[in-house]
Every structure is written in structure tokens, then in C-alpha cells.
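Computed from the coordinates by the stated procedures, all read-outs in this text should not be read as laboratory data. Everything numeric in this text was worked out from a predicted model, so none of it was measured. Cβ coordinates were reconstructed from backbone atoms using ideal geometry, including for glycine residues, and neighbour counts include every protein chain displayed.
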Amino acid sequence: MGNIGTGPTTSAVTVTDPLPAGLTATNISGTGWVCNLTTPLACTRADALAVNSSYPKITVTVNVAANAPGSVTNSATVTGGGDTNPANNTANDNTIIVPAVIDLRMDLFAGGGVSVGDTNDLVIFGVTNNGNAPSSGPMTVTATASTGLTIISMSSPQSWVCTLSTLSCTSSDTLVPAEGNADEIDIHFSVALNAPSRGEIGVTVTGGGLNVTGNNSSGFDPTINGPVTIDIFPATASVTAGQTATIPLSVGLAQAAGLATFSCSGLPALSTCTFTPPSVTLSSSSAVTLKIATTARSASVPGGFRIPGISHQQ
């Protein structure tokens, strides 16, 4: 505010500002001004202002309502000082208000291999705010598990409080938008022996003033390895009549323990097979030898022949 007249001000000067709807003042101040958070806002001073001089600026700090319009015009008016030309006493400021975006997002951070019989697998999810405004109010992450998977614990290194009975974690902290600012949700789960070949642990975040949807859910959908795996090398073998071909097998198991008994099928006519040992108690990788004999003139054992007779007992 300046004096463009022909003489100095002669009395106290007052500046008022009613603020437009959607804005609420939290502070008003200026050097040499006596200001009050009244309605309208008001600042007063009594020192004379010389010609072609200006008073120090007045600064207003405001909160913007969530439902504020996209554009507001703030008007401030000065009175007093012996002013003789009120036509230029009001200044207007048009401001574009960018809507607050609270975009809570769930992401898969880490998940390892999964096999039937696993008792304590871990998957880690992250909660981030990809918006332009901090979250507001409690946030809740809920989890689901597909058939054959059982969630056995939920936790977080941040201030989330997790409840296993409801498969949920809640936080009342404010999650601000910032690169690398993520809250972690750790989920431990077990895998049934009869689990299907694929499963999923799913998570969804709600609350926190979330106003953007579409990325607030995530999931971990691993392939579930079976209880027994068999690696055969070489994949094919030729056997001369009266001779025996020996093929080493590597038999592995997930965490579930049990007894595996071997048999084979799909061999050429007049051929037989034996396993040494004929069965193993599986708790880790085991070495098994397959011997194939034939009384035919020759036999070629095709790659990928089946060993269907493996049984798994507890």
C-alpha cells in the first residue's frame, strides 16, 4: 500500500480483508501494523506515510477448505489517513486452488518362493501417498488369502496396529506425499499340503481421506510348488538287450516331511525299472538311482517319461 497523493497521511490507516469462502485465516501480521483475526481481518497503524512511499506489506496465512472452489478472489481495502480518492483503495488477488489429492497406494515390495507345506512364508507390501496432500484420518489395510493359504501374522515396523482376527492393520498417523516415504505391512502365511498350484495374498487400503481409487489394492500371486520335485539327467538313455541303464535322479521336497515311493510307467515293451532306494523320507534333497533293463533288442527311453507312482504320506 502506497501514497501517490500530494501530501502525507494525516490520520490512522486501516486495512480490512473479508476473505472469500473456502479460506480461513490462521495468522495476519506486518511490520508496524496492529492486526486482528477478526471478520473481516483488520490491520491499523497511525504513523504518517510520506508521498511516494509505501507501508510494509501485510501477510495473511490461511487454511484452504477441502471443498474450496477452484478459483477465489481476495479483496483488501484501505481507509483513513485523510484519503481524498477512494476509487483506488481496493486491491484484488485472484488465486487458482489446486484440489487436494490423497492417493493412497498399495505396492508389493517383496515375496519369495512358495511351496505346499510351508509354515512361515513372508510377503511385504508398502503403503504410499502418491497425491499432493497429506492423508487425513485413520487408514486401514485389510488382507485376504486364497484357498490353501492361511495368514498367521500381520505386523508393521511403523505405527500400524494389526489385528489377526480381522486381518487388518490401522494407523492414525499422517502419511505425507514424498518420494521414498512408505509404510510397510509384513504378512506371514502358511501353505496347506493340498493347496492349488496358484494362490494369492491380497491387500487393500482405505480411509485417510482417500479420494483417488484404482491403485489402492495389490496382491502377491505366486506359483505354489508341489511337495515333490524330480530332476532327471540325462533326459534320454539307450539300453542294449541284457544291459542296464543307470540314470541319477535328484528328488527334492518343500518343507513338508513325508515318505515318497517310486514307480515308473511309459517304458518300451520288455523293459523294467527299479529305484535305489525304492522310497525316501523327504526332508531335503535326496539322491535316487533309476535303473532300466530290457530283454528287447534295444530300447530307447524317451525324455520326459513319467514317474507317476510317487505317493506322499504323513
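Assuming 0.36 nm per residue, please report the length gained on full extension of the stretch Ala296 to Thr261 beyond their Cα-Cα distance.
9.9 nm
Could you work out the relative contact order of the range 13-96? I mean the mean sequence separation of Cα pairs under 8 Å and 6+ apart, divided by the number of residues, in percent.
It rounds to 37 percent for the range 13-96.
Using Cα-only point scatterers and the Debye equation, what is log10 of I(q)/I(0) for the range 97-191 at each q in 0.13, 0.21, 0.26 Å⁻¹, rounded to two decimals?
Reported log10 I(q)/I(0), two decimals: -0.48, -1.02, -1.37.
Just grab the label-to-label distance for Ser165 and Asn88, each label 7 Å out from Cα along the Cβ direction, in nm (one decimal).
7.4
Please turn the phi angles of the range 91-101 into ³J(HN,Hα) values with the Karplus equation 6.51 cos²θ - 1.76 cosθ + 1.60 (θ = phi - 60°), one per residue in order, whole Hz, x for glycine and proline.
Residue by residue, the range 91-101 yields 10, 10, 10, 8, 10, 8, 9, 7, x, 6, 10 Hz.
Work from the charge dipole of the chain (Cβ charges, +1 for Lys and Arg, -1 for Asp and Glu, about the Cα centre) and give the residue of Leu23, Cys264, Phe189 farthest towards its positive end.
Of the options given, the answer is Cys264.
Loop sites only, by DSSP: take the trypsin sites (Lys or Arg not before Pro) in the chain that have at most 16 other C-beta atoms within 10 Å and name the longest stretch containing none of them.
Answer - 58-296.
For the range 166-240 and the range 51-116, what is the separation of their Cα centres, given in Å?
With the range 166-240 and the range 51-116 each reduced to a Cα centre, they are spaced 42 Å.
Report relative contact order for the chain in percent, whole number only (criteria: Cα-Cα under 8 Å, sequence separation at least 6).
14
Determine ³J(HN,Hα), in whole Hz, for all residues of the range 47-61 in sequence, where each value follows from phi through the Karplus function 6.51 cos²θ - 1.76 cosθ + 1.60 and θ = phi - 60°; x replaces Gly and Pro.
Karplus values, whole Hz, x for Gly and Pro: 6, 6, 10, 6, 4, 6, 10, 10, 6, x, 5, 10, 10, 10, 9.
Rounded to the nearest 20 Debye, what is the dipole magnitude of the range 104-225 about its Cα centre when Lys and Arg each give +1 and Asp and Glu each give -1 at the C-beta?
Around 220 debye, computed over the range 104-225.
What are the ³J(HN,Hα) values, in whole Hz, obtained from phi via the Karplus relation 6.51 cos²θ - 1.76 cosθ + 1.60 with θ = phi - 60°, for each residue of the range 111-125 in sequence order, with x given for Gly and Pro?
Karplus values, whole Hz, x for Gly and Pro: x, x, x, 10, 9, 4, x, 4, 10, 7, 7, 10, 10, 10, 10.
Give the span of the range 63-132's Cα atoms along each principal axis, as three whole-Å numbers ordered largest to smallest.
Cα spread of the range 63-132 along its principal axes, largest to smallest: 90, 20, 15 Å.
(i) 6, 26, 35, 24, 8, 1; (ii) 5, 17, 18, 14, 11, 9, 8, 7, 5, 3, 2, 0; (iii) 5, 17, 14, 12, 11, 11, 8, 6, 5, 5, 3, 1, 0: which one is P(r) over Cα pairs in 10 Å bins from 0, in percent as calculated from this entry?
Only one listed value fits the structure, namely (iii).
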